Amino acid sequence: MGKVILFLIVGYFAYQYFLGEESGCDKYASKFSCEYVENQASYDVYYWHNVENGNSNNEKFIGSVTGLSSCQNFAVNYARSINARWNNRSYICVLKKDGRNMEKHRL
C-alpha cells in the first residue's frame, strides 16, 4: 500500500512538472505551460501612451483578459480608440494567478 501511495505522489508531481499548467514554456520564458500562457491565463493589460518619450507616468491599466493574444488585441484596440500610433512596446500583459502578479509578457 505504501508503494502505491508513493507512486501516486510521484506521478502527480511528474504530471504537474511535465504536463500541468506549471510545466514551463521556453517560448515565453515562463514557469507556466505554453498552453496556459497563451489560452488560459488571466492578464491585466497595461498601456503606455507615448512609450517613445520614456515617461512611465503615461502607463495605465486598461483592462483584464484571458489569453495572451487577447491581451495584445485589447491593447491594439485601445490604441485605436485613443488615436495613438501603435508600438509593440506600448503594452504589457501581467499574468495573474490566485490574485498575485506572476509574470509579464508580450506576444
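Quick check of the Kirkwood formula: for the stretch 54-107, what is the inverse mean of 1/r over all pairs of different Cα atoms, in Å?
12.0 Å
Report the calculated FRET efficiency for Arg80 and Leu107 (r = Cβ-Cβ distance, R0 = 25 Å), to the nearest 0.05.
Step by step, r from the Cβ atoms, then E = 0.90.
Normalised by the number of residues in the stretch 24-64, what is the relative contact order in percent for Cα pairs under 8 Å and 6+ residues apart?
Numbers: 39 pairs, mean separation 12.3, N = 41.
Relative contact order for the stretch 24-64 comes out at 30 percent.
Dividing the convex hull volume of the Cα atoms of the stretch 25-85 by its residue count, what figure in Å³ per residue is obtained? Don't skip to the answer; put the middle values down first.
Values: hull volume 5.9 nm³, N = 61.
That works out to 97 Å³ per residue.
May I ask you to compute the full-extension gain from Gln40 to Asn88, defined as 0.36 nm times their residue separation minus their alpha-carbon distance, rounded to one decimal in nm?
The span from Gln40 to Asn88 would gain 15.1 nm if fully extended.
Using a Förster distance of 22 angstrom, determine the FRET efficiency expected from the C-beta separation of Ala29 and Asn73, and round it to 0.05. Let's see the in-between values first.
Numbers: r = 22 Å, r/R0 = 0.99.
In this case the efficiency is close to 0.50.
Where a number appears in this text, it was derived from the coordinates with a stated rule and is not lab data. Fair warning: this is a prediction, and the values are worked out from it, not measured in the lab. Cβ sites come from the backbone with ideal geometry, for glycine too, and all protein chains shown count toward neighbours.
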